[in-house]
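Worksheet: the structure to be examined is printed underneath.
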Amino acid sequence: MKQPALTSVRIPLEVGRLEGVLATPDKAIGVVLFANRNSGNEQGIRDNAVALALQENAIATLLFDLLTPVEDSRQSNRFNVDLLAERLQLATAWVTSQNTLAGKPVGYFGTGTGAAAALRAAAHFGERIAAVVTQAGRPDLAGAQALASVKAPTLLLVGGRDTSAIALNREALTSLNCNKHMHVIPGAKQSSDASGPVAQVASQAITWFSRHFGR
């Protein structure tokens, strides 16, 4: 299989910039932006594994930090859903301006508070976002009003032994009015635990994005 084209991304801010990597497979059917505040943390490593699986299925990926290093040092920023969603909107505008991806379907993969940011951004863009997947996330933090405004088909992934996360994701599911589904991954405290569940997350994400990207 031909390796995807890799592009270093630097999205300018008023102060600082967002940095990441855009991977574009040959004949990409769409692009998925990963909403994670820090791509260098443990969840970011798991996101890389999911991104590689998507790339192998002709889906481009943008892995980047929603916060600059200085911003991430302030704990309050990590839970500032408004700020995180704003950054994801900015990255979406950037990626859709790239010639190689112009007109391609756009999706979001959100983890942790990035799940809420992904749903807020999806609500903002409406039908311009083709699909959303959240994993080990807090979609409830997006708020009932934003959740009710999401048009993109949304898949919520949660670990089978994470009872609190199941309850919070189920709460968010009831507020969504779009095509929606919650999938519980058996045997995992979190849906990101261990290699087996990560492979299941990747499989679920590939199926969801491919279906809604029109494959």
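The values are calculated or read from the model by the stated rules, or taken from the named source; none is laboratory data. Because the structure is a prediction, the values reported are computed rather than measured. All Cβ positions, glycine included, derive from the backbone under ideal geometry; neighbour counts span all protein chains shown.
For the condition in a helix (DSSP H, G or I), at pLDDT 95 or above and either within 16 Å of the chain's Cα centre (by Cα) or closer than 21 Å to LEU67 by Cβ (or both), LEU155 does not qualify. Summed over segment 151-167, the residues that are of a type outside the set (S, T, N, Q) and over 21 Å from VAL50 (Cβ atoms) give a count of 2. Mind checking which residues of segment 115-137 are in a helix (DSSP H, G or I) and buried (at least 24 other Cβ atoms within 10 Å of the Cβ)? ALA115, ALA116, ALA117, ALA118, LEU119, ARG120, ALA121, ALA122, listed by residue number. Could you say whether any residue in segment 176-188 is polar (S, T, N, Q), assigned to a loop (DSSP other than H, G, I, E, B) and either touching a strand residue (DSSP E or B) at 6+ places or on another chain (Cβ under 8 Å) or modelled with pLDDT of 90 or more (or both)? Checked segment 176-188: at least one residue is polar (S, T, N, Q), assigned to a loop (DSSP other than H, G, I, E, B) and either touching a strand residue (DSSP E or B) at 6+ places or on another chain (Cβ under 8 Å) or modelled with pLDDT of 90 or more (or both).
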